[in-house]
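As structure tokens, the structure follows; a few thoughts come after it.
The values are calculated or read from the model by the stated rules, or taken from the named source; none is laboratory data. As the structure is a computational prediction, the values presented were derived from the model and not from experiment. Here Cβ is always computed from backbone atoms with ideal geometry, including for glycine, and neighbour counts include all displayed protein chains.
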Amino acid sequence: MNAALQELSLLDRAIINRLQDGIPVCEAPYAELAGELGTDETTLLRRLQALKTAGYLSRIGPMYNVERMGGAFTLAALQVPDARFDEVAGIVNVFPEVAHNYRRDHAFNMWFVVAVAEATDIASVLSRIKAATGLEVYNFPKQEEFYLRLKFDV
Amino acid sequence: MSEALAKATSLNNGDLERRLIELTQAGLPLVPHPYHALADQLGVTADEVMATFRAMQARGVVRRIAAVPNHYRLGFRGNGMSVWDIPDALVREVGREVGALDFVSHCYIRPRALPDWPYNLFAMVHGRNRDAVHEQVAQIAGMLGERVRSYDVLFSTEVLKKTGFRASAHSVSTPPNPKGE
């Protein structure tokens with residue numbers, strides 16, 4: 001067990017494990033969950049607030065699938081010469097359609113997610129990034145997804 | 001992302017759904033009756049709110065309503081993007097197997113970009129540290145045997161940008177951490 005988990009009580013761990021599975025849509029969802037966890041609603045709400053504040057939980061609520069709402073994503077990558085890395089990162093990050101951008105230890109060293117309202121906008125955003133950076137933009141759109149949510153048993 | 005949501009047009013019962021999405025960007029209220037609290041703010045009934053969430057779940061607009069752990073904060077400090085060159089005829093079967101592993105979160109088929117990029121399957125692997133991720137990647141390679149032609153694992157070394165991404169297709173996407181995935 002690592003240090004981060006040693007800070008958590010058994011109840012906190014049970015809360016994290018159980019609530020990853022879902023929060024019901026009903027009159028009093030936290031009371032229902034508290035019953036399953038052998039605690040009470042007030043305690044559960046207090047621990048959830050504390051776990052969120054302390055950063056153990058990044059979100060408590062609905063996870064939306066933008067693609068089902070008409071939006072679209074793609075993953076794109078650049079091979080940026082080291083000498084130009086910061087300059088190119090600045091150019092790419094200015095695009096509001098770029099949601100996440102990570103540096104990775106590979107010849108393909110810049111990986112970013114483009115999120116747009118209309119799927120047809122992706123090509124235009126990528127071509128504008130190519131023009132602005134002078135670099136080939138590699139587009140890796142998702143073709144099929146095997147979505148089995150990771151569950152962290154703590 | 002909020003811009004994308006605001007423009008999104010394929011919502012049913014569009015107005016209430018859009019208002020609920022906006023109102024829950026920060027999450028579900030941590031109060032005894034959260035759906036009633038949302039209803040009060042929107043001037044509708046709790047039954048309407050609950051029915052709308054159930055309908056959005058049924059259509060897949062809401063993947064689920066749940067707590068999202070910050071894997072970095074919980075000690076899962078190694079997050080590698082493993083990438084695999086799998087023969088096209090096998091990639092779906094392999095994708096299902098890899099996606100089912102308990103240390104893999106997202107698993108996607110994506111196009112190759114030959115000759116520079118031969119990989120057509122991407123799987124995010126999460127472990128306590130980089131060594132653990134390398135072991136897990138080796139475990140996948142062992143499981144796949146001759147079905148994999150080559151593979152690599154890319155670790156993030158810096159988060160260059162991370163904007164609000166809550167209304168996301170990714171369920172483990174927003175740890176406020178310095179390493180990212």
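Among (1) surrounded by fewer than 16 Cβ atoms within 10 Å (Cβ to Cβ); (2) in a helix (DSSP H, G or I), which single condition is A:E136 missing?
That leaves (2) as the condition not met.
So in the range A:43-90, with the set limited to residues that are among the polar types (S, T, N, Q) and assigned to a strand (DSSP E or B), which one is nearest to B:A113 (Cα to Cα)?
Among them, the one singled out is A:T74.
Got a sec? Which of A:L45, A:L75, A:L57 is touching a residue at least 60 places away in the same chain (Cβ under 8 Å) and facing chain B (nearest Cβ under 8 Å)?
Step by step, each of A:L45, A:L75, A:L57 is checked, and only A:L75 is touching a residue at least 60 places away in the same chain (Cβ under 8 Å) and facing chain B (nearest Cβ under 8 Å).
Quick check: is even one residue across the range A:104-120 within 9 Å of chain B (Cβ to nearest Cβ), among the aliphatic types (A, V, I, L, M), over 19 Å from A:K142 (Cα atoms) and not in a loop (DSSP other than H, G, I, E, B)?
Checking the range A:104-120: not a single residue is within 9 Å of chain B (Cβ to nearest Cβ), among the aliphatic types (A, V, I, L, M), over 19 Å from A:K142 (Cα atoms) and not in a loop (DSSP other than H, G, I, E, B).
Which residues, taken from the range B:140-180, are at pLDDT 85 or above, closer than 29 Å to B:R64 by Cα and basic (K, R)?
B:K161
For A:G55, state whether it is at pLDDT below 95, small (G, A, S), within 30 Å of B:A37 (Cβ to Cβ) and buried (at least 21 other Cβ atoms within 10 Å of the Cβ).
No, not satisfied.
Can you pull out every residue in the range B:58-111 that is hydroxyl-bearing (S, T, Y) and out of contact with any strand residue (DSSP E or B) (no Cβ under 7 Å at 6 or more places or on another chain)?
B:Y72
So A:S124 passes all but one of these: (1) in contact (Cβ under 8 Å) with a residue 12 or more places away in the chain; (2) of a type outside the set (V, I, T); (3) more than 8 Å from chain B (Cβ to nearest Cβ). Which condition number does it fail?
Result: A:S124 passes all but (1).
Every residue, every condition in (1) at positive phi; (2) basic (K, R), yes or no:
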position: B:G75; (1), (2): yes, no
position: B:R110; (1), (2): no, yes
position: B:L121; (1), (2): no, no
position: B:H126; (1), (2): no, no
position: B:N129; (1), (2): no, no
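Looking at B:P69, B:P87, which one is under 23 Å from A:L44 (Cα atoms) and in contact (Cβ under 8 Å) with a residue 60 or more places away in the chain?
Unique residue meeting the criteria: B:P69.
Looking at B:L38, B:L90, B:L30 in this structure, which one is surrounded by fewer than 21 Cβ atoms within 10 Å (Cβ to Cβ) and outside the structural domain of B:L114 (by TED's automatic domain parsing)?
Of the residues listed, the single one that is surrounded by fewer than 21 Cβ atoms within 10 Å (Cβ to Cβ) and outside the structural domain of B:L114 (by TED's automatic domain parsing) is B:L30.
Please work out which one of (1) surrounded by 16 or more Cβ atoms within 10 Å (Cβ to Cβ); (2) touching a Lys or Arg at 6+ places or on another chain (Cβ under 6 Å); (3) at pLDDT below 95 is the condition B:G60 fails and give its number.
(1)
Please work out if B:R130 is within 22 Å of A:P141 (Cβ to Cβ), out of contact with any helix residue (DSSP H, G or I) (no Cβ under 9 Å at 6 or more places or on another chain) and surrounded by fewer than 23 Cβ atoms within 10 Å (Cβ to Cβ).
no
How many of the residues making up the range B:20-58 are in contact with an Asp or Glu (Cβ under 9 Å, 6 or more places away or on another chain) and part of a helix (DSSP H, G or I)?
Number satisfying all stated conditions: 9.
For the range B:109-119, check the following and say yes or no: at least one residue is hydrophobic (A, V, I, L, M, F, W, C) and in a loop (DSSP other than H, G, I, E, B).
yes
Residue check, A:A31 against (1) within 21 Å of B:V31 (Cβ to Cβ); (2) facing chain B (nearest Cβ under 7 Å); (3) exposed (fewer than 15 other Cβ atoms within 10 Å of the Cβ), all met but one. Which one?
Result: A:A31 passes all but (3).
Can we say A:T39 is part of a helix (DSSP H, G or I), modelled with pLDDT of 95 or more and not hydrophobic (A, V, I, L, M, F, W, C)?
no
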